[in-house]
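Read through the structure below, which is laid out as structure tokens, and then see the notes.
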Amino acid sequence: MEQRRRIYYSAAERAEIWDRWQAGESMSSIGRRFDRASSSVFSVISPTGGIRPAPRWRASRALSLGEREEISRGLSSHCSLRR
């Protein structure tokens with residue numbers, strides 16, 4: 001039996017799926033728009049019960065990209081983590 005390829009949607013495609021779903025389009029018509037089966041659209045919509053999830057955001061206490069790069073450079077030059 002042939003194994004099916006996993007379908008991945010980009011963030012923009014997911015946003016369009018949710019926009020179309022909230023506008024009242026059916027899963028099959030959304031799937032046709034992306035040239036995919038409606039079951040692939042179902043896998044995006046069903047985990048949250050058809051309700052669009054809140055946008056994700058990074059916690060304020062998380063390190064920024066600049067801070068991560070600074071730590072990485074320090075570690076590569078054999079400095080301590082605290083330094």
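The values are calculated or read from the model by the stated rules, or taken from the named source; none is laboratory data. The structure displayed is predicted, hence computed values, not measured ones. With ideal geometry, Cβ positions are generated from the backbone for all residues, glycine too; neighbour counts draw on all protein chains shown. Ligands, DNA and RNA are stripped out before the accessible areas are found, and what is left, the full protein with its side chains, is counted by its heavy atoms. Shrake-Rupley method; radii C 1.70, N 1.55, O 1.52, S 1.80 Å.
Note on segment 9-79: with neighbouring protein chains present and a 1.4 Å probe, carbon and sulfur make up 53 percent of its accessible heavy-atom surface.
Per residue, the chain exposes 88 Å² of accessible surface when a 1.4 Å probe is rolled over the protein heavy atoms with every protein chain present.
Note that segment 19-36 has calculated 3J(HN,Hα) couplings of 4, 5, 5, 5, 7, x, 6, 7, 5, 5, 6, 5, x, 4, 4, 9, 6, 9 Hz, one per residue in order, obtained from phi through the Karplus relation 6.51 cos²θ - 1.76 cosθ + 1.60 (θ = phi - 60°); glycine and proline are x.
Against the set [x] 90; [y] 186; [z] 77, the structure's computed volume of the Cα convex hull per residue in Å³ falls on [y]. Among ARG52, ARG68, ARG14, the residue with the largest mean-square fluctuation in a Gaussian network model of the chain, with springs joining Cα atoms closer than 10 Å, is ARG68.
Here the dipole of the chain is about 300 debye; that uses its Cα centre as origin and unit charges on the Cβ of Lys and Arg (positive) and Asp and Glu (negative). In a DSSP loop and with at most 16 other Cβ atoms within 10 Å, the chymotrypsin sites (Phe, Trp or Tyr not before Pro) in segment 12-45 are PHE34. For the residues SER43, SER26, SER72, a GNM of the chain with alpha-carbon springs under 10 Å puts the largest fluctuation on SER72.
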